[in-house]
Amino acid sequence: MTRTKMLIDGVWVVGEGDAIEVRNPARGSVVGTVSHATPAEVDLALRAARLAFGDWSKRPPVERARLLKRAAHIIRERKSDLGRLMTSEQGKPVNEAVGEISKLADTFDFYAEEATRVFGEIIPNDSNAYQSLVVREPIGVVAAISPWNYPAELIGWKVAAGLTAGCTLVVKPPELTPLSPLAIMECMVDAGLPAGTINMVTGKGSTVGQQMVESDIPDKIAFTGSSAVGLHIQQSLKNIKRLSLELGGNCPMIVTAQANLDQAVKGAARRSFRNCGQICIAINRIYVERAAYEPFLEKLAAAADSLVVDDGLENPDADLGALCSQEPLDKTKQHLADALERGARLVAGGRAPDAPGLENGLFFRPTVVADCSHDMKVMTEETFGPLVGVTAFDKHAEAVRMANDTPYGLASYLYTKNMDEMRYYSRHLDYGNVAVNNVDAGIISAPYGGWKQSGIGVEHAREGLLEYLNYKHVRLCFDEDALQ
Ligand code: NDP
């Protein structure tokens, strides 16, 4: 099997390190190989980005925007192939993978449009002889590192915002899903991105990623991944750098007795089980006001049982495909066993699907456990699998206390038709994102980021672009008297 090449300084290189096999989690078969980048190759990529920064950062924003738009167009043209490639390495059903590729193209278009709207400010001084200009300039070289659950989008947020700002990047895709990110890089090269502006080196995070973090070349690290690795990255910096960390979550949903129960159940099933729950903003735990508790549980169990679990390549519109690797599957089983041992009630799932043809894949049915308490892992740790815990509450203050009882602060969800409840909960939930009567907490046009141990900095929106820019204060002194 030929190795898929890495992109360094505009050249596709095989790489001199060991081969890494990429597997289809639905079948266990090898779908491709990539190289483990050597330290010299990582260094070459970082130096190429540094060299390319001079030209790229000086180009007029409209020129950078044109290239990003062309990349968006090419990505859209190739979305079916890119989607199938993603499914073959990540496991999510093809329709979902193609949807992710479309959102990646939208991200490029969004930031291409923002490119020409990076304004500065004019600030009056104490004396009329002076004027302060505040201008924004690109930070420099960015090392971008991202996980396997959304192989295209999470890289896209960093690449689109970074390139728009005038930064150059070296990207390390996840070891489990490097093929679709490399194919996206091909789109960018074909769009005409100059050599060195965007580079991609493959390999393990603990070596390739760590080297990028410790190198003194990048001016910024843009990382999405677990809180543990995010903290490790923060602690291993060897010089001062800008840092964006989009980290783990442990996201609660609150359903009051005033909610439209059918809508709440639809939202709960979608956000607990989409992408097999392998999403940082997945609903991990649900608090339901006691009057609505049993009806909600009954409906949620039925909704979970109706979801189709299948090989995502064979069945593009399945609801759930395979989990991406053994690790989230094992964690799901552990959290389920822990909940049942501590007295939770299994109301849906709890096992692998029994359909023929799925025996070699990492599949698990969407699972709901009820009557949960806060000594269970399902309620306090991020499962990152198709498992959700549910419990009842009596007082709104109690629901808020339980929802906030976590070191994380990424996203929270509320279903109610009562305006006072909307106001109360959205004010008291300690989360960077609160979605009310919907479960799409992250949209490209609004800032998206976590509080507490869920990270620092934001992605998406104008604010996500500002994360790649430095302020420069230019203080001007005029001599109007000389004109008299
Ligand atoms: P990890 O933190 O294990 O890995 C994320 C990335 O970091 C991977 O590319 C990994 O490489 C790399 N990496 C690992 N160790 C290092 C290191 N020492 N230095 C530099 N890079 C390193 O996360 P997972 O892959 O397990 O992803 C799941 C996590 O990501 C969950 O906690 C989830 O909540 C979070 N996440 C957060 C999001 C947000 O927006 N807040 C969005 C999506 C996910 P490799 O995989 O190749 O070893």
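We did not get these values from a lab; they are worked out from the coordinates using the rules stated. Treat the numbers as computed from the prediction; the structure is a model and nothing was measured. Don't worry about glycine lacking a Cβ; one is built from the backbone with ideal geometry, like all the others, and counts go over all protein chains shown.
Hey, quick one: spin label on Asp262, modelled 7 Å out along Cα-Cβ, who in region 292-326 has an amide N within reach, i.e. under 19 Å?
292-307
In Å and on Cα atoms, what radius of gyration and Dmax does the chain show?
Rg, Dmax (Cα atoms, Å): 23.8, 92.
In region 118-149, whose amide N lies under 18 Å from the spot 7 Å out along Cα-to-Cβ of Ala482? List them in ranges.
128-132
Mind putting a number on the dipole of the chain about its Cα centre? Charges go on the C-beta only, +1 for Lys and Arg and -1 for Asp and Glu, and I need it in Debye to the nearest 20.
200
As a test of understanding, state the convex hull volume per residue of region 348-407 from its alpha carbons, in Å³.
88
Using a simple spin-label model with points 7 Å from Cα along the Cα→Cβ vector, what separation in nm is obtained for Asp9 and Gln334?
4.4
So, R0 is 56 Å and r is the distance between the beta-carbons of Glu113 and Glu298; what FRET efficiency does that work out to, to 0.05?
Once rounded, the FRET efficiency stands at 0.75.
With unit charges on the beta carbons (Lys and Arg positive, Asp and Glu negative) and the dipole taken about the Cα centre of the chain, which residue among Gln263, Asn418, Val11 sits farthest to the positive side?
Val11
Grab the Cα-Cα distance for Ala195 and Glu341, subtract it from 0.36 nm times how many residues apart they are, and report the gain in nm with one decimal.
Full extension of this stretch gives 46.9 nm more.
Given N residues in region 251-436, what is its alpha carbon radius of gyration divided by 2.2 N^0.38 Å?
That works out to 0.98 for region 251-436.
For region 50-176, what number results from the quotient of the Cα radius of gyration and 2.2 N^0.38 Å?
Relative to the 2.2 N^0.38 Å estimate, region 50-176 comes out at 1.31.
Quick one: order Leu179, Leu44, Leu82 by neighbouring beta-carbon count within 10 Å, fewest to most.
Leu44, Leu179, Leu82
For His473 and Asn418 in the same chain, what is the full-extension length gain: residue separation times 0.36 nm, less their Cα-Cα distance, in nm?
My answer for the length gained is 15.1 nm.
Where in region 62-158 are there chymotrypsin sites (Phe, Trp or Tyr not before Pro) that are in a DSSP coil and have at most 16 other Cβ atoms within 10 angstrom of their Cβ?
Taking region 62-158 and a limit of 16 other Cβ atoms within 10 Å, the loop chymotrypsin sites (Phe, Trp or Tyr not before Pro) found are Phe119.
Where in the chain are the DSSP H helices whose C-alpha atoms run 15 Å or more along the long axis and whose mean Kyte hydropathy is at least 0.5?
153-165, 179-191
Relative contact order for the chain using alpha-carbon pairs under 8 Å, separation at least 6, rounded to a whole percent?
18
Write down the percent of antiparallel bridges among all DSSP beta bridges whose residues are both part of the chain, to the nearest 5.
45
Ignoring the sites themselves, what is the longest stretch of the chain with no GluC sites (Glu not before Pro) in a DSSP loop and at most 15 other beta-carbon atoms within 10 Å?
Between exposed loop sites, the widest span is 17-313.
Pulled fully out, how much extra length does the chain show between Asn315 and Ser373, if you take 0.36 nm times their separation in residues and subtract their Cα-Cα distance?
Contour length minus the Cα-Cα distance gives 17.2 nm.
Percent of Cα-Cα pairs per 5 Å bin, from 0 to the last occupied bin, for region 181-315, please list those.
Result, from short to long distances: 2, 8, 13, 12, 12, 11, 11, 10, 9, 7, 4, 1, 0 percent.
Work from the charge dipole of region 1-120 (Cβ charges, +1 for Lys and Arg, -1 for Asp and Glu, about the Cα centre) and give the residue of Ala105, Val42, Ser29 farthest towards its positive end.
Ala105
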